[in-house]
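Chemist: The structure is given below, and queries will be raised subsequently.
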Amino acid sequence: MRRATLRYGPDRAQVAEVWRPGGARALPVVVLIHGGFWRQLYTKRLMHGMAEAVVAHGWVAYNIEYRRVGTLGHGGWPATLDDVSDAIEALADVEGVDHRRVATVGHSAGGHLALWAGSSRSTGRPRTRPVSVRVCVAVSLAGVVDLAAAARSGVGNGAVTALMGGGPDDVPGRYALGSPASLLPLHTPQFLLHGSADTTVPASLSADYVEVARSLGDRAEYVPVPGAGHLEMINPRGRAFPELVARLETVLG
């Protein structure tokens, strides 16, 4: 197993880790996006166990950091989302990966970002170059996938409004561009795994999202994980990981 650091921007948070198995052939890439309600306290270290497990399965793990909300985080709308898009776009310059097989897998707040990355990835900012790296499958692990519903129900104690700079009635245009639920259909396969014992992010967000996605023609599946709590979703020895691998294999091979 090899690990290298990649910088995709000048900010200290604009960095990613490329974890690889041995060998020279081009492999699928699993982009890992950590959670923590988009707050600067939480970092990409949360996904190290997942990265090791992804590499052990024979895929490349691309564990990204991004600007987050907080005094020194420099994140929030639109910086946090733009960073995720830019980090994925930086894969275009990484050798030894199959750019046609790029999956995003995010946990909690990262689940929001993983599904958003499966869309056109637009926050309305001018682009210096068009999107060239496309996501072929997006996976949410206990994700905050409907920002408006999460903000109104108080998920994360104000985390959504802190990210977006206001509530859905204050800045509706931001929610229209930044919430996966508002962007449906994504036209990208989506899998939403959620533990039935999650007391941090309600599983109903994922179940309701999939119902709408399917009604609009998207390939989407809700995968309940019986008895699993919020953090178990990123435990590579937990009940969710085999379910995740099985779904990814249907697209990545």
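The values are calculated or read from the model by the stated rules, or taken from the named source; none is laboratory data. Here the structure is a predicted model, which means the values were calculated and not measured. Glycine gets a Cβ as well: all are built from the backbone with ideal geometry, and neighbour counts include every protein chain shown.
Here's the yes/no breakdown for (1) closer than 25 Å to Arg101 by Cα; (2) part of a loop (DSSP other than H, G, I, E, B); (3) modelled with pLDDT under 95:
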| site | (1), (2), (3) |
| --- | --- |
| Arg3 | yes, no, yes |
| Pro10 | no, yes, no |
| Trp19 | yes, no, no |
| Val30 | yes, no, no |
| Gly36 | no, yes, no |
| Tyr42 | no, yes, no |
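Chemist: In the list Val54, Val102, Val133, Val84, which residue meets the criterion of being assigned to a loop (DSSP other than H, G, I, E, B), among the hydrophobic types (A, V, I, L, M, F, W, C) and surrounded by 21 or more Cβ atoms within 10 Å (Cβ to Cβ)? Full working, then the answer.
Modeler: Details: Val54 fails: assigned to a loop (DSSP other than H, G, I, E, B); Val102 fails: assigned to a loop (DSSP other than H, G, I, E, B); Val84 fails: assigned to a loop (DSSP other than H, G, I, E, B).
Unique residue meeting the criteria: Val133.
Chemist: Considering only residues of the stretch 227-253 that are over 21 Å from Val102 (Cβ atoms), assigned to a helix (DSSP H, G or I) and not hydrophobic (A, V, I, L, M, F, W, C), which is nearest to the chain's Cα centre (by Cα)?
Modeler: In this case the residue turns out to be Glu232.
Chemist: While we're here: Are there any pairs with C-beta distances below 6 angstrom linking a residue in the stretch 96-107 that is without any contact (Cβ under 8 Å) to a residue 40 or more places away in the chain to a residue that is among the hydroxyl-bearing types (Ser, Thr, Tyr), with the two at least 6 apart or on different chains, and if so which?
Modeler: Note: no pairs meet the criteria.
Chemist: Among the residues of the stretch 148-202, which ones are touching a His at 6+ places or on another chain (Cβ under 8 Å) and free of Cβ contacts under 8 Å to residues at least 60 places away in the same chain? So that I can check it myself, show each step before the final result.
Modeler: So the first thing to find is which residues in the stretch 148-202 are touching a His at 6+ places or on another chain (Cβ under 8 Å), and the list is 179-180, 195, 198-201.
Across the stretch 148-202, the qualifying residues are Gly195, Asp198, Thr199.
Chemist: I've got another one for you. Quick check on this structure: which one of Val60, Val18 is buried (at least 24 other Cβ atoms within 10 Å of the Cβ) and out of contact with any helix residue (DSSP H, G or I) (no Cβ under 6 Å at 6 or more places or on another chain)? It would help to see each step written out before you state the result.
Modeler: Working: Val18 fails: buried (at least 24 other Cβ atoms within 10 Å of the Cβ).
Exactly one of Val60, Val18 is buried (at least 24 other Cβ atoms within 10 Å of the Cβ) and out of contact with any helix residue (DSSP H, G or I) (no Cβ under 6 Å at 6 or more places or on another chain), namely Val60.
Chemist: Which of the residues belonging to the stretch 141-161 are among the aliphatic types (A, V, I, L, M) and in a helix (DSSP H, G or I)?
Modeler: Within the stretch 141-161, Leu147, Ala148, Ala149, Ala150, Ala151, Ala159, Val160 qualify.
Chemist: List the pairs whose first member sits in the stretch 1-12 and is within 24 Å of Val54 (Cβ to Cβ) and surrounded by 10 or more Cβ atoms within 10 Å (Cβ to Cβ), whose second member is among the small types (Gly, Ala, Ser) and modelled with pLDDT of 95 or more, and whose Cβ atoms are under 6 Å apart, counting only residues at least 6 apart or on separate chains?
Modeler: Going by the 6 Å Cβ cut-off, the qualifying pairs are Leu6/Ala16; Tyr8/Ala87; Tyr8/Ala90.
Chemist: Within the stretch 57-64, does at least one residue satisfy the condition of being in a helix (DSSP H, G or I) and under 22 Å from Thr123 (Cα atoms)? Quick ask: steps written out before the conclusion?
Modeler: Here is the first cut: in the stretch 57-64, the ones in a helix (DSSP H, G or I) are none.
Checked against the condition, which is being in a helix (DSSP H, G or I) and under 22 Å from Thr123 (Cα atoms), the stretch 57-64 yields no hits at all.
Chemist: I would also like to ask the following. Go through Gly36, Gly58 for me and flag whichever is at positive phi and free of Cβ contacts under 8 Å to residues at least 40 places away in the same chain. Steps first, please.
Modeler: Working: Gly36 fails: free of Cβ contacts under 8 Å to residues at least 40 places away in the same chain.
Among Gly36, Gly58, only Gly58 is at positive phi and free of Cβ contacts under 8 Å to residues at least 40 places away in the same chain.
Chemist: Among the residues of the stretch 136-174, write down those that are small (Gly, Ala, Ser) and buried (at least 24 other Cβ atoms within 10 Å of the Cβ).
Modeler: In the first step, residues of the stretch 136-174 are kept if they are small (Gly, Ala, Ser); the result is 138, 140, 142-143, 148-151, 153-154, 156, 158-159, 162, 165-167, 173.
Ala138, Ser140, Ala142, Gly143, Ala150, Ala151, listed by residue number.
Chemist: Further question: Please find, within the stretch 87-120, the residue that is farthest from the chain's Cα centre (by Cα) out of those that are modelled with pLDDT under 95 and of a type in the set (D, E, K, R).
Modeler: Across the stretch 87-120, the extreme among qualifying residues is Glu95.
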